[in-house]
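Data first, discussion second: the structure below is written as structure tokens.
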Amino acid sequence: MKKLNYLMFTAMVVVFTSCIDWDYFGLLNENQIIIFSLEDQTGSPSEIDSVNSLIIVPVNKTADRSNLAPTEIKLSSLATIKPGVGEKQDFRDTVTYVVTAEDGSIQNWKVIAEAQNDEIPNADYEEWYTVGSYQQPGPGSESTGAQYWDTPNRGSNTGGQILVNPADGPTGQYIHMETKITGLPPLIEVLSAASVFSGKFTDGSLDLNNPRKNINFGRNFGSKPISFSVDYKYTPGTDYRVNSQPSTGNDECDIYVLLQVRKDDGTRLRLGTAWHRSGETVSDWTNLKLDIHYGELPENAPSYTGLNQYEDEVETGFADASEFPTHIIIVYSASALGDDFTGAAGSILEIDNFALQYE
């Protein structure tokens with residue numbers, strides 16, 4: 001009987017001690033974080049710096065960093081943590097987690113949700129696919145890359161007028177855009193500005209009052225580049241028109257990048273702005289590089305760079321420069337005022353090798 005009691009006691013000790021990672025006498029003073037995972041984390045594991053009590057979590061570019069919760073946390077044996085798994089936090093800034101060891105000793109851990117630098121698909125414009133009688137930038141109609149860029153070709157494809165085409169150059173293909181008179185000349189003549197944008201043309205109909213209503217500008221985006229660059233050439237046309245009617249004036253091209261913060265209630269805030277508008281003839285390939293300005297624009301900024309007021313696209317203000325974007329709008333247009341049916345038929349803008357810079 002004594003032997004049986006001894007065996008039972010020994011088994012209980014083994015079971016109890018197997019639940020603890022370290023042999024010890026007294027209370028544990030360990031307050032380490034061993035595993036830490038967040039919602040919308042990329043496939044890469046978190047970087048855990050135990051020496052500096054710092055954790056960097058790579059998160060998806062589309063993650064809403066203002067409202068993320070840990071999905072898994074593993075601690076030292078018998079330690080506790082606050083906040084815990086499933087508790088939402090604002091990771092647009094560093095979040096502090098407090099780990100308390102069994103003996104009551106406390107360690108503050110800093111956790112940073114780091115956006116992975118977004119890269120723009122098909123930014124060298126080497127890939128195109130066919131839709132009816134025209135081509136679109138992208139590797140294929142069913143692929144994500146194909147859907148990133150769009151053109152007004154579908155809306156202006158009347159009488160064989162194609163505004164955007166691929167062109168062959170010494171280093172491969174690039175975008176060729178030409179503003180044209182579309183419609184049913186001479187009965188109906190509409191100035192159609194050639195453009196390429198990140199977004200989606202949603203309908204083939206033509207609205208003479210609001211040509212933008214059929215375009216959803218912008219793609220999901222979560223990084224903070226410091227600048228963008230692109231190679232371009234531009235030749236303004238001579239057949240200048242205002243509201244599609246013959247007039248006098250000089251055409252200009254638009255090349256710009258906008259970063260927005262879009263809220264769940266539909267509110268749009270401008271976060272970043274980089275805008276080039278010029279009527280100068282650029283005959284040879286030229287590299288344009290512009291810094292992205294974050295937050296509210298300076299007082300001397302050109303008026304056209306201000307908040308968007310187009311229907312269904314209204315920007316209600318500027319986001320704080322410390323925020324992360326949710327969307328990026330990239331636009332190239334051979335006629336800057338084409339949304340108002342104003343510009344010059346024959347204006348040609350050519351674009352190649354778009355890139356974002358992060359340092």
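Counting only the backbone N, which residues of the stretch 250-266 are under 19 Å from the spot 7 Å out from the Cα of residue 307 toward its beta-carbon?
Residues passing the 19 Å test: 258-266.
Could you grab the Rg to Rh ratio for the stretch 49-155? Cα atoms only, Kirkwood for Rh.
Across the stretch 49-155, the Cα-based Rg/Rh ratio is 1.27.
If I stretch the segment between residue 265 and residue 117 completely, what's the gain in nm (0.36 nm per residue apart, minus their alpha carbon distance), one decimal?
On the way: separation 148, 0.36 × 148 = 53.28 nm, distance 2.63 nm.
Answer, rounded to one decimal: 50.6 nm.
Restricting to DSSP H runs of at least four residues, report the calculated mean residue ellipticity at 222 nm for the chain, -39500 (n - 2.57) per run over all residues, nearest 500 deg cm²/dmol. List each step's numbers first, then the result.
Numbers: 3 runs with 25 residues, N = 359.
Helix contribution divided over all residues of the chain: -2000 deg cm²/dmol.
At what distance in nm do the modelled label points of residue 71 and residue 239 sit from each other, each positioned 7 Å from its Cα along Cα→Cβ?
5.6 nm
Testing the spin-label approximation: label points 7 Å from Cα along Cα→Cβ at residue 202 and residue 87. State their distance in nm.
Between residue 202 and residue 87, the label points sit 4.0 nm apart.
Can you compute log10 of I(q)/I(0) for the chain with the Debye formula, treating each Cα as one identical point scatterer, at q = 0.07, 0.10 Å⁻¹?
-0.43, -0.71
How large a share of the accessible area of the chain, in percent, is made up of carbon and sulfur atoms when the probe is 1.4 Å and the other protein chains stay in place? Can you show the working numbers first?
Numbers: 9000 of 18210 Å².
Carbon and sulfur atoms account for 49 percent of the accessible area of the chain.
Students often check this: by mean Cβ neighbours within 10 Å, which of 86-99, 299-312 ranks highest, and how do the rest follow?
On the way: 86-99: 15.2, 299-312: 10.8.
Ranked from most to least packed, the peptides come out as 86-99, 299-312.
Size of the dipole of the chain about the Cα centre, Lys and Arg at +1 and Asp and Glu at -1 on the beta carbon, nothing else charged, in debye to 20? Write down the numbers at each step before the final one.
Working: 24 positive and 50 negative charges, 179 e Å.
For the chain, the charge dipole is close to 860 debye.
Taking 0.36 nm per intervening residue step and subtracting the Cα-Cα distance, what contour gain separates residue 357 from residue 35 on full extension?
Details: separation 322, 0.36 × 322 = 115.92 nm, distance 3.20 nm.
Between residue 357 and residue 35, full extension yields an extra 112.7 nm.
I'd like the projected area of the stretch 227-359, averaged over all directions, using the convex hull of its alpha carbons. Report it in nm² with one decimal.
Values: hull surface 36.0 nm².
Projected over every direction and averaged, the Cα hull of the stretch 227-359 covers 9.0 nm².
Calculate the spin-label point distance for residue 220 paired with residue 80, positioning each point 7 Å from the Cα along the beta-carbon direction, and give it in nanometres.
Taking the two extended label points, one gets 3.7 nm.
Can you flag which of 180/200; 110/224; 180/224 are past 27 Å Cα-Cα?
Numbers: 180/200 21 Å; 110/224 21 Å; 180/224 36 Å.
As for pairs spanning more than 27 Å Cα to Cα, those are 180/224.
Could you tell me the calculated FRET efficiency between residue 42 and residue 285, based on Cβ-Cβ distance and R0 = 35 angstrom, to the nearest 0.05? It would help to have the intermediate numbers written out before the result.
Working: r = 36 Å, r/R0 = 1.02.
Approximately 0.45, to the nearest 0.05.
The values are calculated or read from the model by the stated rules, or taken from the named source; none is laboratory data. Remember, it's a predicted structure, so these values are computed and weren't measured experimentally. Cβ: placed from backbone, ideal geometry, glycine included. Neighbour counts: every protein chain shown. Only protein heavy atoms, including side chains, enter the accessible area calculation; ligands, DNA and RNA are left aside. Shrake-Rupley method; radii C 1.70, N 1.55, O 1.52, S 1.80 Å.
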